[in-house]
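Written out below as structure tokens is the structure these notes cover.
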Amino acid sequence: MNHKDLMELEQEVLFDTYSRYPIAVKKGKGTKLYDFDGKEYTDLLAGIAVCNLGHCHPEITEAICDQAKSLVHVSNLFYTKEQLEFGWALLSTGDFQKVFFCNSGAEANEAAIKLARRYMQKVKGEFRYEIITLEGSFHGRTLATLTATGQDKVKEGFFPLPHGFVHAKINNLEDIKRKISDKTAAVMIEVIQGEGGIKPLDRDYVKGIYEICQKHDILLIIDEIQTGMGRTGKMWAYEHYDIHPDIITCAKAIANGLPMGAMMSTKKVAQGFGPGSHATTFGGGPILSRVGTKVIEIIKRDKLINRAEELGNYLLRILNDLKKRLPGLINEVRGKGLMIGIELNDKIDANRVFKELISRGYILNLTQGNVLRLLPPLIISKEELDNFSNTLEIILKEVDK
Ligand SMILES: Cc1ncc(COP(=O)(O)O)c(C=O)c1O
């Protein structure tokens, strides 16, 4: 089978839900991907912030294979050592005392929304259910999480949507204050909006939200699904902001490519769930948990969080130098750690730049029409980042002609 056969087969077999890149991937190793013709690509996207340790990391492969020999699945009716070890390791990374495992980011956010409501209604005895989220945010594709998402495009054709979600303007504390009511259960934010175009929220704004939540006894949920696991130069991006959320959600990178999500909360808020209140068949299965524990071990051992910070600063610097060398072509370079967006000027055909980068061997993403989104594996090298920046410079000069 070659690339063309696979493209035709996809049209015939799969729902038409994805606009795919014109690449059929055969294998991956470290920061590289290879197509069916043997062409090599540098992966600056890591499966959309998933394969933080790179592709087919030998220790992860070993953990998967070894665990598959002894226990693959038993359900959450039983205790398993792997799940508890991973739970312990994950909780050791932050301010939280309890974890719930699930299978994806959207599911982790669903769990957070349900927990916030149930905590308010069952523990505090108040009928609060509204969740305030931000314009431009992205929280997932289930009915509740697409309603939570602050972008209209994900909602088209899915009406009526669940009740109880309110959107506030980004970086505008007054708007949050206006939207709080006696029905508000929680505020849910990404401290750096990912799909929304790599937009870090202002420091004072996030601190302000935290203080408002404390004052009104409202829960603060941080969606760390894209920002988490060291990507921004901290284990969790909320650590950049000097706040203590009640709940965080994560997924994507926690099992380096296997489908896993998690919600963590304080012990107090965790009282919102009791037996039978929430569940999922596959959550925290032995293979995923074994891999999750290994991921944390490798992140710590190989100091990948520091690496993300250092390389992120380096990348910001070389891209800002590029911006200066090519006045008027790049509006802004922004982000933290290895989560970086390059916003191109309207006069540049961003789609053409994106396609040229792909054809010259760089995998990245174009979001919000003009933002090149970089989420490389945390093991990327300086040399690979330099080569990318040089290639981008050549392409921008060509496209500007
Ligand atoms: C911030 C954020 N939240 C939630 C999600 C949804 O995660 P999943 O696709 O695993 O359901 C994503 C996915 O891109 C995300 O970036």
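What follows is calculated from the coordinates using simple rules that are stated; it is not laboratory data. Predicted model only: the values in this text are computed from it and were never measured. Cβ atoms come from the backbone with ideal geometry, glycine included; neighbour counts cover every protein chain shown.
Points to keep in mind about this one:
- Annotation: amide H-H contacts under 5 Å for S104 (H modelled 1.01 Å from N, sequence separation of 5 or more, or interchain): G261.
- Residue-count net charge about G283 - beta-carbon cut-off 13 Å; Lys, Arg +1, Asp, Glu -1: -3
- For region 75-90, 3J(HN,Hα) computed residue by residue from phi via the Karplus equation (6.51, -1.76, 1.60; θ = phi - 60°) reads 5, 8, 7, 10, 7, 10, 4, 4, 5, 5, 4, 5, x, 4, 5, 5 Hz, glycine and proline entered as x.
- Part-to-part distance (alpha-carbon centres) for region 123-175 and region 46-69, which is given in Å: 33
- Each residue of region 344-353 was assigned a 3J(HN,Hα) from its phi angle through the Karplus expression (A = 6.51, B = -1.76, C = 1.60, θ = phi - 60°), giving 7, 5, 4, 6, 9, 7, 4, 5, 5, 4 Hz with x at Gly and Pro.
- Area projected by the alpha carbon convex hull of region 58-301, averaged over all directions, nm²: 13.2
- Length released on extending from H216 to M1, taking residue separation times 0.36 nm less the Cα-Cα span: 71.4 nm
- Scalar couplings 3J(HN,Hα) for region 278-284, obtained by applying the Karplus form with A = 6.51, B = -1.76, C = 1.60 to θ = phi - 60°, are 7, 6, 7, 4, 8, x, x Hz; x denotes Gly and Pro.
- Going by neighbour counts of Cβ atoms within 10 Å, the residues V371, V13 line up, fewest first, as V13, V371.
- Whole-angstrom Cα spans of region 243-401 along principal axes, big to small: 64, 32, 32
- Angle between the chain longest axis and helix 286-301 axis [Cα atoms, degrees, rounded to 10]: 70
- The protection proxy used here, the mean number of other Cβ atoms lying within 10 Å of each residue, ranks peptides 51-59, 206-214 as follows, highest first: 51-59, 206-214.
- Antiparallel DSSP beta bridges within region 58-301, as percent of all bridges there, nearest 5: 40
- Computed from Cα atoms, the angle from the helix 304-325 axis to the main principal axis of the chain rounds to 50 degrees.
- Helical content alone sets the calculated 222 nm signal of the chain at -11500 deg cm²/dmol, taking -39,500 (n - 2.57) per DSSP H segment of four or more residues and averaging over every residue.
- Multiplying the residue separation of D349 and Y79 by 0.36 nm and subtracting their alpha-carbon distance yields 91.8 nm.
- Length released on extending from R20 to H163, taking residue separation times 0.36 nm less the Cα-Cα span: 48.2 nm
- Between amide H atoms placed 1.01 Å from N, distances below 5 Å from K26 occur with Y34, D35, F36, all of them 5 or more places distant or on a separate chain.
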